[in-house]
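Taken together, the values in this text are just the output of simple stated rules run on the coordinates, not laboratory data. Source: prediction; values computed, not measured. Here the Cβ positions follow ideal geometry from the backbone for every residue, glycine too, while neighbour counts run over all protein chains shown.
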């Protein structure tokens, strides 16, 4: 590819299928029932249906579930922006209100993409009776995995 040339955008259906296969390969994501609803380079929508097993003692979504959802959404956004295998280098989350409802929805996007890392932001919503309420904000740095020796 010539210097400065952009890679062709991926086929949307194939890209989403690739992301769903990646999610399906994560046992913890399967345990939580995570679902990938949208995926584009640098953008993702990840959802978790709320079951009684994912709630804390007051009936709210457990903070660990919100944190998982933000972390995984940030990583999908960063990984698809960099288009290489990645891991979360760091992230922070602000819990704004209790996660109450039928499901949680995380939408993340790459804000700045460098050569070896990207900074991403994520909003996590609780959906109750069809209405979304913002319940958490997160930001993270997603780093390229080092090449492994053959």
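Of all residues in the range 82-106, those satisfying the criterion of being touching a strand residue (DSSP E or B) at 6+ places or on another chain (Cβ under 7 Å), under 20 Å from residue 10 (Cα atoms) and either in contact (Cβ under 8 Å) with a residue 60 or more places away in the chain or surrounded by fewer than 16 Cβ atoms within 10 Å (Cβ to Cβ) (or both) are 82, 84.
The lone criterion from (1) touching a helix residue (DSSP H, G or I) at 6+ places or on another chain (Cβ under 8 Å); (2) assigned to a helix (DSSP H, G or I) left unmet by residue 87 is number (2). Among the residues of the range 25-36, write down those that are under 15 Å from residue 75 (Cβ atoms) and either surrounded by 12 or more Cβ atoms within 10 Å (Cβ to Cβ) or in contact with a helix residue (DSSP H, G or I) (Cβ under 7 Å, 6 or more places away or on another chain) (or both). Those that are under 15 Å from residue 75 (Cβ atoms) and either surrounded by 12 or more Cβ atoms within 10 Å (Cβ to Cβ) or in contact with a helix residue (DSSP H, G or I) (Cβ under 7 Å, 6 or more places away or on another chain) (or both): 26, 29, 32, 34, 36.
Selection within the range 130-150: residues that are more than 17 Å from residue 81 (Cα to Cα) and part of a loop (DSSP other than H, G, I, E, B). The member of this set that is nearest to the chain's Cα centre (by Cα) is 130. One residue alone among 74, 39, 66 is in contact (Cβ under 8 Å) with a residue 40 or more places away in the chain, touching a helix residue (DSSP H, G or I) at 6+ places or on another chain (Cβ under 8 Å) and within 27 Å of residue 117 (Cα to Cα), and that residue is 39.
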